[in-house]
Structures are given as structure tokens and as C-alpha cells.
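**Q** Starting off with a structure, shown below.
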Amino acid sequence: MDHQFLDGYRETDLVRVREKMAALNLGALIVSDLSVIRWLSGFSGSNARLLVTPERLVLFTDFRYREQAATEVGIAETVIASDGFAPELFSGAYPLGPAVGIQSDSMMWDEAQRLCDRLDPMTAAVPLVSFFDDLRMVKNRIELMHLQRAASISEQVFEMILPLIGTQATELDIAAEITYQHKKLGAEKDSFEPIVASGARAAMPHAKPTASHFRPGELIVIDMGCVSEGYASDQTRTVALGRVSPENRAIYSIVADAQQLGLTTARCGMSAAELDGTVRGYIDRRGYGEAFGHSLGHGVGIDVHEEPRISSKNSRILGENMVFTIEPGIYLPGRLGVRIEDTVLLRSDGAHPFQRFTKKLLEL
């Protein structure tokens with residue numbers, strides 16, 4: 001039933017895709033980005049192309065996914081392309097019109113070149129970059145339900161792993177437990193490799209877990225997320241093993257206050273750059289501007305990183321039912337790192353975090 005409800009929203013999205021195609025005078029659009037294919041058709045396999053024309057929506061895949069496509073895809077025709085996508089596409093059964101759009105930001109050059117070489121001389125290939133970004137930013141009711149479910153799973157897992165943190169455990173132990181418990185609670189997979197970084201290693205925003213044991217007095221950054229029904233979660237908390245120094249506590253407080261400022265400031269009609277600048281300015285005034293080197297956040301949906309990017313370089317206006325992270329951090333090389341992150345739903349009355357877990361510093 002859920003897939004049927006979502007297909008209703010997909011029909012609406014397909015209308016918007018076709019309107020955008022018409023504005024660009026495209027007779028057809030070849031979709032190669034698997035995330036977009038899942039968003040528009042429901043298909044979650046690893047080999048697919050999607051053809052959009054004014055009259056048809058056709059999913060091309062191979063024999064391995066025959067049954068999966070029959071289960072997942074209701075909105076599109078499914079074609080099992082036994083000899084590959086290109087031979088099927090140019091079989092004469094799929095008129096492309098005077099211009100065909102190709103996702104140049106997701107298709108390998110050699111595939112794009114082969115397709116262009118086989119196009120009718122009267123058909124122009126139009127490279128497209130970020131064609132779907134604005135169409136995917138605003139989430140519908142079913143998408144929001146899946147996003148909340150993914151966030152809830154990760155929050156449950158976070159609570160489960162906290163008691164395991166001690167001097168006998170390693171970063172890898174906790175990362176492995178996160179992955180295991182995500183799947184045990186029904187997630188498809190991690191939305192990215194869990195980040196578990198303690199002490200000086202926490203100063204690396206994307207540190208990979210190691211066999212390092214946790215040591216008393218150190219801060220520990222735990223960044224994790226999962227995928228549920230195709231939609232991602234993303235959250236970060238920083239905790240400590242035992243009591244921390246006054247300096248560490250003060251830095252943690254700055255990040256926590258900055259993150260709360262982001263939550264209370266976010267509103268419809270402001271630009272992504274304005275939100276980033278508000279939080280970044282606060283950290284800068286506290287003397288740690290150079291220690292906050294990444295953007296404030298990013299959109300979350302089928303991809304764990306998508307538009308809107310909450311960055312000083314993004315003038316995009318934020319609107320209702322957009323979902324994005326607010327994740328300021330301070331990183332002092334060789335010493336420590338602190339990051340606190342919620343994924344939020346922007347509504348007319350402000351930002352509403354999916355996460356509910358405390359942001360007070362936990363000294364385990």
C-alpha cells in the first residue's frame with residue numbers, strides 16, 4: 001500500500017519533470033543516477049536506466065532484477081534489456097525527438113559518448129547538470145515518514161552503543177556495532193560508514209574508525225546514519241569518557257550553543273548562505289572561526305548528501321518541507337574535535353529536528 005501511495009506523489013513529480021523538459025525543448029531524458037531512478041520509479045537495483053518522454057516512462061534493467069522490478073515498480077514500464085541499454089534504446093521502439101537530455105554529472109564519459117555516436121543526426125544530445133536537484137528538495141508526506149523512521153532507528157542504535165563505550169572498547173568495535181544494530185532494527189544499510197573518532201582523531205571531520213581504545217577524559221565524535229525504505233538519516237553527537245577538562249567543556253558548549261542558534265534561526269525565505277553565516281559568525285566571535293572549516297549542513301533524502309547545501313556559497317532560498325542538517329563543529333588538530341548534528345524539517349514555523357536525544361555533554 002505504501003508503494004501505491006508513493007506512486008501518487010511520483011506522478012506529481014513526473015509532471016514537474018516533464019514541464020522542465022518542455023521548457024528545455026527536450027523530447028526525451030535519459031536518467032542514469034540510481035538515486036533519481038529510485039526517487040522517480042521506486043526501483044532500488046544497482047543496474048538501471050530510465051527513459052522519460054512526454055508520453056512514456058520506461059525502466060531498463062537486466063534479467064537479475066526482473067522480479068525485483070515487478071515488485072517495486074508500478075509507475076513505469078519495465079524492459080529487460082538482454083543485450084544492454086543502448087541496443088534496446090536504439091531498437092526503434094523509443095522515439096527520442098529532436099533533443100535528448102543526458103545526465104552528464106552521473107554518466108560515465110564512455111557511455112555518454114557511445115550514446116551520442118548512435119543518436120540520429122537530427123537528434124541533439126543535451127548535457128544536463130543538477131537537473132533534478134530543485135525537484136527533489138521539497139519532501140512529500142511519505143518521504144517525511146521514511147526520513148523520520150530512519151532517524152528513529154539511528155537514535156535507538158545510538159542509545160544502545162553508549163553503554164559499550166569504555167577503555168576496553170575500540171572505535172572499530174563501536175562502528176561495527178552501529179552497522180549491526182542498524183540492520184537488526186530493520187534498516188537496509190548504513191547511509192555512510194559510521195564515524196567514531198576519539199581524542200585527537202576527532203579533529204578529523206571524516207575520520208575513519210581505528211583499533212584505538214577509548215581513553216578517559218577524551219571527547220568522542222559519533223556520526224552515523226542508516227537507510228530505511230530508501231531514505232537516509234544523519235546525526236552526530238559528541239560524548240566523553242569520564243570527566244573532561246574545563247577547556248574541552250567550554251568548546252563543547254560553544255558548539256552546542258551554535259547548533260541551537262541554527263535551529264532557532266532557520267526559517268522559510270532565508271537563504272542557505274544566511275543560515276550558514278549566522279552560525280559561522282557566532283563561532284567566529286567566540287574565537288574559533290578558523291576551526292570550523294566545513295559547511296553548516298546539507299540536504300537529506302534518498303541521498304544522505306543532497307540539496308539544499310547549507311553553505312556560505314549557496315544563495316538558494318530555503319522553503320517549507322525541505323530537510324537538511326545543522327551540524328557546526330570545532331576541530332583543533334592534535335587535540336580534539338566537537339560536532340553536533342540534527343537533521344531538521346523546515347516548516348512555516350521554523351526548524352523541527354528529527355532527533356530528540358539530548359545535546360548536553362554526556363560524560364560516560
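**Q** From the C-alpha coordinates alone, can you work out the Kirkwood hydrodynamic radius of the chain, in Å?
**A** 22.1 Å
**Q** I would also like to ask the following. Using the Kirkwood radius over C-alpha pairs as Rh, can you work out the diffusion coefficient of the stretch 272-362 via Stokes-Einstein at 4 °C, viscosity 1.567 mPa s, in µm² per second?
**A** On the way: Rh = 13.9 Å.
Taking Rh from Cα pairs, D becomes 93 µm²/s.
**Q** How high is the relative contact order of the stretch 215-304, in percent, counting Cα pairs under 8 Å that sit 6 or more residues apart?
**A** That works out to 29 percent.
**Q** Using only the Cα atoms of the stretch 47-101, what are the Rg and Dmax in Å?
**A** 11.3, 34
**Q** So what are the stretch 239-308's ellipsoid semi-axes, whole angstrom, largest first, if each one is the square root of 5 times an eigenvalue of the alpha-carbon gyration tensor?
**A** On the way: eigenvalues 127, 50, 23 Å².
Each semi-axis is √(5λ); the values are 25, 16, 11 Å.
**Q** What shape does the stretch 103-172 take by its C-alpha gyration tensor, where a ≥ b ≥ c are the square roots of the eigenvalues and a/c under 1.5 counts as rounded, a/b above b/c as prolate, and the rest as oblate? Numbers along the way, then the final one.
**A** On the way: a/c = 5.70, a/b = 2.26, b/c = 2.53.
Oblate.
**Q** How about the stretch 27-110: which GluC sites (Glu not before Pro) there are in a DSSP loop, with at most 11 other Cβ atoms within 10 Å of their Cβ?
**A** Sites meeting the loop and neighbour criteria: GLU55.
**Q** Please compute the Kirkwood hydrodynamic radius over the stretch 39-171, one decimal place, Å, based on all pairs of different Cα atoms. Don't jump to the answer; show the numbers that get you there.
**A** Values: mean 1/r = 0.0551 Å⁻¹.
One over the average 1/r among Cα pairs gives 18.2 Å for the stretch 39-171.
**Q** Let me ask you something else. Take every DSSP beta bridge whose two residues both sit in the chain, then give the antiparallel share in percent to the nearest 5.
**A** About 75 percent, rounded to the nearest 5.
**Q** Would you list which lysines come within 24 Å of LYS359, measuring only between C-alpha atoms, while excluding same-chain residues fewer than 8 positions from it?
**A** Correct list for LYS359: LYS208.
**Q** Expressed as a whole percentage, what fraction of the accessible surface of the chain belongs to carbon and sulfur atoms when a 1.4 Å probe is rolled over the protein heavy atoms?
**A** Carbon and sulfur: 53 percent of the exposed surface of the chain.
**Q** Further question on the same structure: From the backbone phi of the stretch 107-120, what are the Karplus-calculated ³J(HN,Hα) couplings (6.51 cos²θ - 1.76 cosθ + 1.60, θ = phi - 60°) in whole Hz, Gly and Pro given as x?
**A** Result, ordered by residue: 9, 4, 4, 5, 5, 4, 5, 5, 5, 4, 5, 9, 5, 4 Hz.
**Q** For the stretch 194-208, take each phi angle, set θ = phi - 60°, evaluate the Karplus expression 6.51 cos²θ - 1.76 cosθ + 1.60, and give the result in whole Hz per residue in order, putting x for glycine and proline.
**A** Here the 3J(HN,Hα) series is x, 9, 10, 9, 10, x, 5, 5, 5, 6, 9, x, 10, 4, 8 Hz.
**Q** Cross-link partners among aspartates and glutamates for LYS20, C-alpha distance below 14 Å, same-chain residues fewer than 8 apart left out?
**A** Straight-line reach from LYS20, under 14 Å: ASP133, ASP134.
**Q** Let me ask another. Taking the chain as the reference, fit the longest principal axis to its C-alpha atoms, fit the long axis of helix 171-184 to the helix C-alpha atoms, and give the angle between the two in degrees, 0 to 90, nearest 10.
**A** It works out to around 50 degrees.
**Q** Counting only trypsin sites (Lys or Arg not before Pro) that sit in a DSSP loop (anything but H, G, I, E, B) with at most 13 other Cβ atoms within 10 Å, what is the longest stretch of the chain containing none of them?
**A** It works out to 57-242.
**Q** So for the stretch 166-248, considering every pair of alpha-carbon atoms, how many percent are separated by more than 14 Å? Walk me through the intermediate numbers first.
**A** On the way: 2087 of 3403 pairs.
Result for the distance tail: 61 percent.
**Q** Relative to the first principal axis of the alpha-carbon coordinates of the chain, what is the inclination of helix 141-161, with its axis defined by its Cα atoms, in degrees from 0 to 90 and to the nearest 10?
**A** With both axes taken from Cα atoms, the answer is about 40 degrees.
**Q** Helix 2-23 against the longest principal axis of the chain: what's the angle in degrees, Cα atoms only, rounded to the nearest 10?
**A** With rounding to tens, the tilt is 70 degrees.
**Q** Give the aspartates and glutamates whose C-alpha is closer than 14 Å to that of LYS183, dropping any in the same chain fewer than 8 places away, or say none.
**A** Correct list for LYS183: GLU155, GLU193, GLU229.
**Q** Apply the Karplus curve 6.51 cos²θ - 1.76 cosθ + 1.60, θ = phi - 60°, to the phi angles in the stretch 214-223 and return the couplings in whole Hz, x for Gly and Pro.
**A** Each residue's phi maps through the Karplus curve to give 6, 10, x, x, 8, 7, 10, 8, 10, 10 Hz.
The values are calculated or read from the model by the stated rules, or taken from the named source; none is laboratory data. This structure is a prediction, so every number in the text was calculated from the model and none was measured. Because the Cβ atoms are built from the backbone with ideal geometry, glycine has one as well, and the counts that use them run over all protein chains shown. Side chains are part of the model used for accessible areas, which takes the heavy atoms of the whole protein and leaves out ligands, DNA and RNA. Shrake-Rupley method; radii C 1.70, N 1.55, O 1.52, S 1.80 Å.
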